[in-house]
Amino acid sequence: MNVNLHYKTKQFFFVLIKLSIVVGAFYFIYSKITENGNLKFTEFLSFLKTNHSFSIKTVLFLIFLSGFNWFFEILKWQHLVRTIKSISFKSAVIQSLSALTTSLITPNRIGDYGAKAMYYLKPLRTKIVMLNLLGNLAQMTITTFLGCIGFIIFSIRYALDINYYKISRIAIVVLIITIFALFGMKQKRYKIKGFSITTILNFITSIYLKTHITILLLSLIRFAIFSFQFYYLLTVFGININYINAMIVITSMYLLASIVPTISIFDVIIKGSIAVFLFSYLGIDELTILVISTLMWCLNFVIPSVIGSYFVLNFRLPKPITQC
């Protein structure tokens with residue numbers, strides 16, 4: 001009798017946690033769309049209504065780009081997990097979107113790691129977290145590499161007022177920290193996402209080179225898709241800009257946004273502020289950039305999170321998905 005009561009209590013709290021995640025995600029999405037300090041919701045709607053280029057055909061194409069973006073993210077996750085366990089594309093969809101919903105209100109999307117790990121048995125969970133870290137590092141590598149190129153060109157072309165003396169001092173400090181980090185790699189107390197650097201490096205080197213190349217390629221395709229989506233929105237709202245010139249700013253924007261620690265729900269505010277600053281050098285008005293940043297966030301985070309909420313509510317322990 002007591003065992004049965006204990007089981008029912010655990011099930012009740014489990015359902016309560018799932019509901020809390022979904023309700024929390026919906027609440028924060030609503031609050032950030034309606035109470036955005038940078039862009040009032042009424043201004044956002046008014047801008048869309050007055051822009052006649054924003055047709056149904058345009059909306060469908062934008063949704064198609066978002067779906068394509070997430071298709072490659074899901075494909076990337078499927079390839080990563082296949083290094084330890086074969087899963088179907090459907091399973092990868094469920095895990096990726098439910099993890100997005102869970103991570104939406106957590107700092108630096110940390111909830112993404114735990115959510116995906118919960119779909120697997122305990123012996124596999126550590127490796128799943130490591131694989132997730134590897135996938136995120138690959139995406140960050142592409143963003144950083146292209147972003148650095150874009151930002152260097154941007155700073156030269158638009159003669160940014162940069163204090164090179166301060167930057168050199170920061171560079172020296174970073175170099176010193178890097179040297180100490182290299183010496184401390186064998187020490188278990190130095191950790192990233194709860195893992196020692198040695199453990200992470202050993203895990204990365206244990207993955208076949210072909211897999212690393214595939215993950216980097218899929219990350220590059222994703223970057224190309226969502227950066228083009230931003231450019232396409234610029235053209236939709238009547239901004240006459242060359243694709244190369246736009247990409248210089250867009251890659252710089254994603255670089256700067258990626259290095260700012262933030263809760264995922266505030267991405268729209270952070271990216272919006274950075275985008276406004278960078279695009280001001282091209283003479284593009286603030287309202288247009290804020291609307292585009294908000295739309296990008298809605299298309300690539302809000303809509304997938306709403307779909308993911310269904311998978312969160314239907315999640316079952318111990319392993320409803322891993323047997324697919």
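Nothing in this text is a laboratory measurement; each read-out follows from the coordinates by a stated rule. Not measured: the values here are computed from a predicted model. Neighbour counts are summed over all protein chains in view; Cβ atoms, including those assigned to glycine, are modelled from backbone coordinates with ideal geometry.
So here's what we get for this one:
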| read-out | value |
| --- | --- |
| Euclidean distance between Cα centres, the range 117-160 to the range 92-116, Å | 15 |
| Cα-Cα over 23 Å, subset of 76/210; 32/116; 18/76 | 32/116; 18/76 |
| Listed peptides 73-81, 134-142, 43-51, 201-209 by packing density, highest first (mean Cβ within 10 Å) | 73-81, 134-142, 43-51, 201-209 |
| Distance (nanometres) between label positions extended 7 Å along Cα→Cβ at residue 43 and residue 287 | 0.8 |
| Calculated FRET value between residue 9 and residue 159, using beta carbons and R₀ = 41 Å, to 0.05 | 0.05 |
| Segment residue 277-residue 51, extension gain: residue separation times 0.36 nm, minus the distance between their alpha carbons | 79.1 nm |
| Extension gain from residue 126 to residue 303, taking 0.36 nm per residue of separation minus the Cα-Cα distance | 60.8 nm |
| Length added when fully stretched, residue 259-residue 217, from 0.36 nm per residue minus Cα-Cα | 13.0 nm |
